[in-house]
Amino acid sequence: PYMTLFPSMQRFTIYYGSMIVDNSTLYIVLRIWEEMFMGKIVFFDIDGTLLNSEKKLPESTKEAIHLLRKNGTYVAIATGRAPFMFSHLIHELEIDSFVSFNGQYVVFEHEMIYKNPLSQSQLEKLTSEAKVNGHSMIYMNEKTMKANITHDPFIEKSMGSLHFPHPEEKGDFY
């Protein structure tokens, strides 16, 4: 898995790859793009950018993306979400490049060019610490997500806010 969530009443701590990641990966991707292609590229976040507060894709967003392409701008997605969480947007908007898991899984023109999942030992350590502290876990990869518990109201609330159901329980998913 690439992302592990520790739900608590107030917030979620999100770990990507071998560390908590900032936007440096996106910056590197952008610099490579500029040096290789010397073209314009726009990265869109999903929540509050492509999708409105109701998690719907406005017609005006579709029109804006069409206009950008018409004017020679390459359009991509940059998000903390897992790819399976926005596959409908990729298809609907005909976007073939994205940076997901906040830089830990990158696809360029339908080809995965970079991935940096958590190691087995990191997952075991996080799972152990979560268990000691009474936290539930969600494990995600690019295709799916699983929980280490059948039901948790905090998981249900957080996934519900993204219009996803509570993931099925499979504690040994990682």
Is there a quick way to get the dipole size of region 81-147? I mean about its Cα centre, with the Cβ of Lys and Arg at +1 and of Asp and Glu at -1; what is the value in debye to the nearest 20? 460
Could you provide, to the nearest whole Å², the per residue accessible area of region 64-115 with probe 1.4 Å? 47
Lysines near K40 by alpha-carbon distance under 23 Å, same-chain residues fewer than 8 away left out - which ones? K62, K70
For region 100-174, with all protein chains present and a 1.4 Å probe, just round the carbon and sulfur fraction of the accessible area to a whole percent. 50
Note to self: Kirkwood Rh of region 58-147, Cα pairs, one decimal, Å, is 15.1
Determine the alpha carbon to alpha carbon distance for each of K55/K170; K131/K170; K56/K157 and list only those over 22 Å. K55/K170
Bin width 10 Å, origin at 0, all Cα-Cα pairs of region 24-174: what percent of pairs per bin? 10, 35, 32, 17, 6, 0
Only loop residues by DSSP count here, and only those with at most 14 other Cβ atoms within 10 Å; note down the GluC sites (Glu not before Pro) in region 58-144 that meet that. E94, E109
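The values are calculated or read from the model by the stated rules, or taken from the named source; none is laboratory data. Note that the structure is predicted; figures quoted are calculated from it, not measured. Quick reminder, even Gly has a Cβ in these numbers, built from the backbone with ideal geometry, and neighbours come from all protein chains shown. The area values use the complete protein model at the heavy-atom level, side chains included, leaving out ligands, DNA and RNA. Shrake-Rupley method; radii C 1.70, N 1.55, O 1.52, S 1.80 Å.
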